[in-house]
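Worksheet: the structure to be examined is printed underneath.
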Amino acid sequence: MADRYWRPSWFAIRVFNPAMTALGGATLEVAGRRTGKVQRVPLNILEHGGERYIVALRGNTEWARNLRAAGRCTVRKGWGRTEYRVTELPLQEGAPIVDAYRAKWGKQSARFFERMPDHAQHPVFRLDRVN
């Protein structure tokens, strides 16, 4: 079930994501697993239990596959850049993170969870800062 993917629309890819990036929100940067080209995706970082996490709302996305392959990423926020090692959580460990994400950003993320309600459909990654 974790391989399900809700492809973003042309508008999301070409207009919404670049606009969110330009507005200075948190942006994930990860190298493409085939091309090496940096992919930029706006996202919310969840701080939970002293750790930082990201949740793939659209399922097994390109950026989630790229994170698995790269094992690291950069998160930009404003002018700041932070390097992270990433670890994908096993499904049973990811479920409480997905619940915490839904509690914090429920309105913003409701349509993703309505379309893909199973926790297993949303990969979860822990971000560990690289010193």
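Bear in mind that the values in this text are calculations on the coordinates, not laboratory data. Please read all numbers here as calculations on a predicted model, not as lab measurements. Using ideal geometry, Cβ is built from the backbone for each residue, glycine included, and neighbour counts are taken over all protein chains shown.
Values as computed for the structure displayed
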| quantity | calculated |
| --- | --- |
| Options 103, 38, 63, ranked by Cα towards positive dipole end of the stretch 10-129, top entry (Cβ charges) | 38 |
| Phi-based couplings in Hz for the stretch 79-84 (Karplus 6.51, -1.76, 1.60; Gly and Pro marked x) | 8, x, 9, 10, 8, 9 |
| Integer Hz, Karplus 6.51/-1.76/1.60 couplings in order for the stretch 109-124, x for Gly and Pro | 10, 3, 5, 5, 6, 5, 6, 10, x, 6, 3, 5, 7, 10, x, 10 |
| 13 Å reach of a label modelled at residue 4, 7 Å along Cα-to-Cβ, counting backbone N of the stretch 106-131 | 112-123 |
| Histogram of C-alpha separations across the stretch 26-104, 10 Å bin width, % | 17, 53, 27, 2 |
